[in-house]
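To start, the structure itself, in structure tokens.
Please treat every number below as a calculation from the coordinates, not as lab data. Here the structure is a predicted model, which means the values were calculated and not measured. Glycine also receives a Cβ, built like all others from the backbone with ideal geometry; neighbour counts cover every protein chain displayed.
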Amino acid sequence: MHKARLITTSQLLLALAVGNSAHAGPGGGTYYANSPQGSYTVGAVVHNTGTALRKFVDKLPGAGLPGCTVSAPAGTGTCNENALGAYIPIAQPDTLTYPGSDYYVIGVKDYTQKMHTDLAKATRLRGYNQVNATDLKLQSPHYLGPLILATKDKPVRILFENLLGTGALGNLFLPVDTTVMGAGTGGLGTTELYPQNRADLHLHGGHTPWISDGTPHQWITPAADPTSYKKGLAFQNVPDMIGAGKSIPAPAPGDGLGTYFYTNQQSGRMMFYHDHSYGITRLNVYAGEAAGYLITDPQEEALIAARDIPNICAGSQTTPSVLCEYKYGIPLVIQDKTFVPSDVAVQDALWNTASWGAPGDLWFPHVYEPNQSAAGGLVPTGRWDYGPLVWPPSPATSPTLPALSTVPEAFMDTPVVNGTAYPFVTVEPKAYRFRLLNAANDRSFNLQLYYGSTAAGTVCAGAATAAGSCTEVKMVPAIPRQLCSALVTTNCTCDPAAVPPATPVGCFPATWPTDGRDGGVPDPLYAGPQMVQIGTESGLLPAPVVLANQPITFDPAGRVANKTLLMMPAERADVLIDFSTLAPGSTVILYNDAPAALPGGDPRYDYYTGNPDQTLSGGSPTTLAGFGPNTRTIMQFRVTATPATAPVTTVNLTTLPAKLATAYTAGQPAHIVPAATYAKLTDTALTVAGASVPFKGKSINEGFDPTYGRISAMLGTEAPNGLTPAVPLPYIAPATETIGNGQVQLWKVTHNGIDSHPIHFHLTDVQVVNRVAWDGSISAPDPSEMGWKETVRMNPMEDIVVAMRPTAPILPFTIPDSMRPLDVTIPVSAMNPQTNFGWEYVWHCHILGHEEFDLMRPLILKPNDRLGVFRGAGQWYLDSDGNHAFNLPNDQILTFGAAGDTPISGDWTGDGTSKAGAYKGNGTWWLDLNGNNTLDPGETFFFGIAGDVPVVGDWTGNGATKIGVFRNHQWYLDLDGNGIWNAATDVIYDFGIAGDIPVTGDWNGTGKTKIGVFRNGQWYLNLTGNGSWTPATDVIYNFGIPGDIPVTGDWNASGKTKLGVFRNGQWYLNLTGNGAWTPLTDAIFAFGIPGDKPVVGKW
């Protein structure tokens, strides 16, 4: 979406848009500021931006366990703080308040923290503290803290307190665009704006009940805030954390409190929790509302205990269980920030220092600077396209842009790691484990390791050069070179036929860039140690991935071709780095060369030593060696000149692959799609486990917002074969992504734009199946994508296929569905109805400027089967909200079929929602395939004969319900789902006797429906799914009495079908799944009247 270098901006248009007749900026014509970088001259004018930030003068903030000490002066304490006092505290669990759970009281509040020695002041931030910690240091906010350390399957419970200021005192100290939906007026229909002190917690990557997911409509405001908007309309407390003696004894809309329940029912992994409030997510996260969350599991513990992955804890070589702050690796959380310069009045004349921040505080872009001129032509200071002036034009209803506006992306100029700009870390000559997170709002990083060098070009390999002067990476031109030969042995490209390979030493790999890029490329002769990736954001990988240091390159279509560790926003990487082969005293720099935006890039966002002066095009002046702004040199590793201390750790690539494979198999779910099963460009389905699973067609679409003409992107739908146009959909449009509990879906996402997008899926991990370019070329998943993912890079002009099987977390309480209007910012009406969103999650781009404008859609999980009855002349009464009672408008009445029909229901199209059907007898079926409650052409099928009993189920596990009939004791099942008997592909089973009532269900949670019969209160269930009675493996249950109507369903979202009976309007449901009536745990519900026919489905 970032098209700044394709076309540029008009001073006239911008002046009209912002109502200001003058332009700011050292070169004129821009409102885009850069961090302090000393003094420089434009023409005859000297500009003093403030003290430039020196690189690698501040130590990396480390992690500190509860009870650690901060030294005086700071920098040498056991909290691993730096001289600024910055460190990431590890949270202190309360294990008594809720036995079996770790409990934390987390607050959010404003505070300040110094983020670099050379900044003019401590930076104003907004972040988290632990209110209930006995370690008093945790009660004060720390950037990226408190880090929560969790254990697989042990819940974490949180009481969240909004401790921000009230009224105007709670306003953000960053520019808020009230034209962004969710940041302007609310649903009361008045002029009152949503407050800026809203906050919630989203556990990114968590397998979490929807009430605790922290979605955009689950925010809270501080207690006593005067706003009419106290909490988001999807807010729900955890049921067993409220009431007398609980975390919130008397919940109230204005109590400033919220509760969260994190199940941790997933493999070990690095996650993070951050704000997700509607309309201000990008600002809250940029201001500091993010912190770490780490789950450990038995497989990881075993690898650590066996020393298969490095553990630098002192004493761990003899006592593997010893806990230190780095047992699970050293966190490296990478972001980019821009700090307000001293001459902000020149660089950004519209910046409000009183409201938003003074020099040393955070700066954020707030003026939409169009590329096109209203008078025609282009000017160099523009950054984003303007819809009415592109071709073909995209009309806007408002003739001027907002004076304060959101922008598509905010690419900043200063890398920050663990909260400190340009940090260094001292390492010993041994192996380390690092847990990396790209927590930048919008910027991607292609991370590599190279020896440092001085400004004069001296390479810092060894102790001869002081680490403080090793601030650069030695660069060479990105030009074509001759192939190495006996006559050409220097400055040449490696001969792939050379023996041994990569000779002569210092030859340029064939993948090294030759595109003449600005600033050149690192000299491959001085490549540092190779990173070894062992995990992603979804836990361990099935095999280690050795990452050769490689600058980013692109194919002729502009897509990424080669890279090292490419991380888009929100992606994580679990990597090992072995420094033991480096000469003591060496310096290594973590280097980045990913363009911003990816893949196209704008050179004004590429800050590096010696970059051209770009002030006349709205960019920054030349960066000097040793100073920022510099987005290429992220941080520095200093290898000590002394021998490594115990424990001495290594990376053994001979044994690690087998160990990692074993851990992966034991700790991660099996893949849905077999390896090397790939989709072609026009495919509409893939065969999985013998069943054809149809693709759900999705799209990424880039365009313009219809009101102001600003660049905006949307997710949407599109035919998987690409033969019909994409349908872009805003967040407020009715949901199109619904999935049943445990249902397999394959999505084919077509990217119709020009930027790569990191698409994040709430609730579920996904499997990357393959990518296919629009020229038909197929790309297998990257080696680092061979495990599970939940944030996936989606490239322009390419389709990607992902597989998912979301499951509902197992909970110790029941929860309602999400009920809210489609658009929470306007009153409920016929056009904006109150809507059942089921278990409401979202999927969205994690470039936060995109997510919020408007690249996000609901993702609805249908967790359990709900009750319903068929009555009279075809009326269906459906318990849509799942509360086991009929109540409008939450529930539904629909008409489908006629008196005398046998009602049937199923997810006929595999879209996650059950729809009506009617068996007319004589083998005729009416199936409401599109869910419009009307019989349409193509919805009548013929299967069976007179006297047959209809049965339905997902016989093949492809996610779609298919039909069948029971005839005396034989079952005729339509396996291929075409609604026609086909002897070659369908099946006949023999199970039961004449007079039995057939029943179906996924008795053991395998994803496939199996058969059974009900006989006078006894149930005979075919657990194996082989279609024949096998006494050793099948079961007989006693549940109900003769005359009952058997019903089956997954009543409590466990993923397994359980039994029930319908008796004169009452439902007796076996919630435990043990096949026997248990009064204390099972349930009786009244839904319907005598004579009704029961129906069950995920309505």
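Peptides 645-654, 695-704, 546-555, 566-575, ordered by how many other C-beta atoms sit within 10 Å of their residues on average, highest first, read 566-575, 695-704, 546-555, 645-654.
Residue ranges 158-166, 125-133 sort as 125-133, 158-166 when ordered by packing (mean number of other C-beta atoms within 10 Å per residue, highest first).
Hey, how many Å between the Cα centroid of region 768-823 and the Cα centroid of region 1063-1099? A separation of 35 Å, based on Cα centres. List the residues whose amide H sits under 5 Å from the amide H of T649, counting only those 5 or more places along or on another chain, with H placed 1.01 Å from N in the peptide plane. HN-HN under 5 Å from T649: A431.
Its Kirkwood hydrodynamic radius, worked out from the mean inverse distance over all distinct Cα pairs, puts region 153-296 at 15.7 Å. Our coupling estimate for region 184-191, obtained by passing each phi through the Karplus curve with A = 6.51, B = -1.76, C = 1.60 and θ = phi - 60°, is x, 6, x, x, 7, x, 10, 8 Hz, Gly and Pro reported as x.
Once the Cβ-Cβ distance of A464 and A358 is raised to the sixth power relative to R0 = 41 Å, the FRET efficiency obtained is 0.45.
Starting from the Cα of K680, draw a straight line to each of the aspartates and glutamates and keep only those under 20 Å, dropping any in the same chain fewer than 8 residues away. Straight-distance partners of K680: D555, E718, D775, D782, E785, E798, D799.
Compared with the rule-of-thumb size 2.2 N^0.38 Å for a compact globular protein, region 646-756 has a Cα radius of gyration ratio of 1.55.
Footprinting exposure proxy ranking of S829, S277, S620, S342, fewest other C-beta atoms within 10 angstrom first, gives S829, S342, S620, S277. The Rg/Rh ratio for region 669-859 is 0.97, where Rg is the radius of gyration of the alpha carbons and Rh is the Kirkwood radius.
Annotation: amide H-H contacts under 5 Å for L449 (H modelled 1.01 Å from N, sequence separation of 5 or more, or interchain): G528, Y591. The order of the peptides 399-407, 200-208 by mean Cβ neighbours within 10 Å, most packed first, is 200-208, 399-407. Centroid-to-centroid, using Cα positions, region 611-629 and region 284-348 are 31 Å apart. When cysteine pairs in the chain are screened for C-beta atoms closer than 4.7 angstrom, the residues that find no partner are C845. Within 10 Å of each residue's Cβ, count the other Cβ atoms and sort T503, T514, T420 from fewest upward. With the fewest neighbours first, T503, T514, T420 line up as T503, T514, T420. Where both bridge residues fall in region 153-296, DSSP classifies roughly 95% of the beta bridges as antiparallel. The loop-placed trypsin sites (Lys or Arg not before Pro) in region 393-435, going by DSSP, include none that has at most 12 neighbouring Cβ atoms within 10 Å of its Cβ. Quick one: which of K696/K962; K59/K121; K915/K962; K1008/K1056; K1010/K1058; K246/K1056 span more than 20 angstrom between C-alpha atoms? Pairs exceeding the cut-off: K246/K1056.
Would you calculate the volume per residue, in Å³, of the smallest convex hull containing every Cα atom of region 866-1097?
117 Å³
For G716, the amide hydrogen comes within under 5 Å of the amide hydrogens of S699, L729, counting only partners 5 or more places away or on other chains and with H modelled in the peptide plane.
Both radii were evaluated on the Cα set of region 810-917; the Rg over Rh quotient, with Rh as the Kirkwood radius, amounts to 1.04.
Rule-of-thumb check for region 989-1076: C-alpha Rg over 2.2 N^0.38 Å?
Numbers: Rg = 12.1 Å, N = 88, 2.2 N^0.38 = 12.1 Å.
Relative to the 2.2 N^0.38 Å estimate, region 989-1076 comes out at 1.01.
From least to most packed, judged by other beta carbons within 10 angstrom and beginning with the fewest, M271, M797 follow the order M797, M271. For the chain, the Kirkwood estimate of hydrodynamic radius, built from reciprocal distances between every pair of different alpha carbons, is 31.1 Å.
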